[in-house]
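J.: Structure provided below as structure tokens; questions to follow.
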Amino acid sequence: MTDGRIGRLTRAIYPGSFDPPTNGHLDVIERAARCFGELVVAIVVNPQKRAPMFSLEEREAMLRACVAEVKNVRVEHFTGLLADYVRVVRADVIVKGLRVVSDFESEMSAALMNRALSDVDTLFLMSDQRYSFVSSSLVKEVFFLGGDVAALVPEPVIRMMAEKRTSLQRR
Ligand code: PNS
């Protein structure tokens with residue numbers, strides 16, 4: 001009997017901005033952690049992109065609190081190319097979530113580019129239908145305009161978002 005994992009020695013990497021992590025991210029993390037021996041959740045530090053709302057330290061703290069109970073998951077961060085970081089952590093596969101068909105268009109070229117650069121494949125998990133409309137950017141927009149997003153993000157995230165709102169209001 002196995003415990004349902006595809007291969008206990010397989011290490012997967014789940015990259016993202018996680019600004020902030022959502023229940024959709026957490027769902028992918030928990031499901032991927034059941035498939036692979038080890039899962040590295042890798043937060044991108046991307047100086048080319050618009051500054052994130054949450055600092056790297058805040059995103060790491062939120063993610064670590066969210067995955068504290070999932071033993072084979074660790075949270076790291078990286079700068080530069082994902083394909084290079086895949087080699088650093090010796091990941092066997094990249095994991096991504098797909099919510100809607102439009103995700104597929106950009107993810108397909110990213111997967112092909114990452115395979116060309118690192119020879120590592122990307123495996124996709126379909127997002128749970130409860131989260132197919134949930135993105136970090138929409139969650140932020142709704143929350144900071146006063147909407148209720150408690151059902152869409154994990155508890156440590158809603159607490160950090162409330163703190164952020166308070167600190168922004170004080171400015
Ligand atoms: O959560 P996001 O913002 O959709 O995640 C995007 C991420 C981190 C997967 C992507 O931006 C990425 O891989 N960035 C690292 C830089 C890189 O390797 N770019 C080429 C991708 S083919």
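The values are calculated or read from the model by the stated rules, or taken from the named source; none is laboratory data. Just so it is clear, the structure is predicted and the values come from calculations on it, not from any experiment. No Cβ is skipped: glycine too gets one built from the backbone with ideal geometry, and neighbour counts run over all protein chains shown. These area figures cover heavy atoms from the full protein model, side chains too; ligands, DNA and RNA do not enter into them. Shrake-Rupley method; radii C 1.70, N 1.55, O 1.52, S 1.80 Å.
Table: residues versus (1) in contact with a Leu (Cβ under 8 Å, 6 or more places away or on another chain); (2) open to solvent by less than 70 Å² (accessible area, probe 1.4 Å); (3) among the small types (G, A, S); (4) under 25 Å from F133 (Cα atoms).
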| residue | (1), (2), (3), (4) |
| --- | --- |
| A32 | yes, yes, yes, yes |
| G37 | yes, yes, yes, no |
| E69 | no, no, no, no |
| V88 | no, no, no, no |
| V95 | yes, yes, no, yes |
| R99 | no, no, no, yes |
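J.: Taking the range 123-154 on its own, how many of its residues are farther than 18 Å from K96 by Cβ, over 16 Å from the mean Cα position of the chain (by Cα) and without any contact (Cβ under 8 Å) to a residue 60 or more places away in the chain?
T.: Counting residues in the range 123-154 that are farther than 18 Å from K96 by Cβ, over 16 Å from the mean Cα position of the chain (by Cα) and without any contact (Cβ under 8 Å) to a residue 60 or more places away in the chain gives 10.
J.: Go through the residues of the range 6-28 one by one and say whether even a single one is of a type in the set (D, E, K, R), closer than 25 Å to S132 by Cα and more than 16 Å from the ligand (Cβ to nearest atom). Spell out how you get there, then give the answer.
T.: Step one: of the range 6-28, the residues of a type in the set (D, E, K, R) are 8, 11, 19, 27.
Then drop every residue that is not closer than 25 Å to S132 by Cα, which leaves 19, 27.
Still in the list and also more than 16 Å from the ligand (Cβ to nearest atom): none.
No, because not a single residue in the range 6-28 is of a type in the set (D, E, K, R), closer than 25 Å to S132 by Cα and more than 16 Å from the ligand (Cβ to nearest atom).
J.: A further question on this structure: If E105 meets every condition in (1) in contact (Cβ under 8 Å) with a residue 60 or more places away in the chain; (2) open to solvent by 40 Å² or more (accessible area, probe 1.4 Å) apart from one, which number is that one?
T.: Condition (1) is where E105 drops out.
J.: Follow-up question, since we're still on this one. Which of the residues that make up the range 57-96 are without any contact (Cβ under 8 Å) to a residue 40 or more places away in the chain and within 13 Å of the ligand (Cβ to nearest atom)? Lay out the reasoning, then the answer.
T.: First, the residues of the range 57-96 that are without any contact (Cβ under 8 Å) to a residue 40 or more places away in the chain: 57, 60, 64, 68-69, 71-72, 74-77, 79-81, 83-84, 87-88.
Listed by number, the residues that qualify are E76, H77, T79, G80, L81, A83, D84, R87, V88.
J.: Restricting to the range 111-152, name every residue that is within 30 Å of V88 (Cα to Cα), assigned to a loop (DSSP other than H, G, I, E, B) and not small (G, A, S). If you could, list the steps in order and put the result at the bottom.
T.: First, the residues of the range 111-152 that are within 30 Å of V88 (Cα to Cα): 111-127, 135-137.
So of that shortlist, the ones also assigned to a loop (DSSP other than H, G, I, E, B) come out as 119-120, 127, 135.
Across the range 111-152, the qualifying residues are D119, V120.
J.: Only residues that are of a type in the set (S, T, N, Q), open to solvent by less than 40 Å² (accessible area, probe 1.4 Å) and more than 13 Å from G24 (Cα to Cα): list them for the range 108-132, please.
T.: N114, S118, T122
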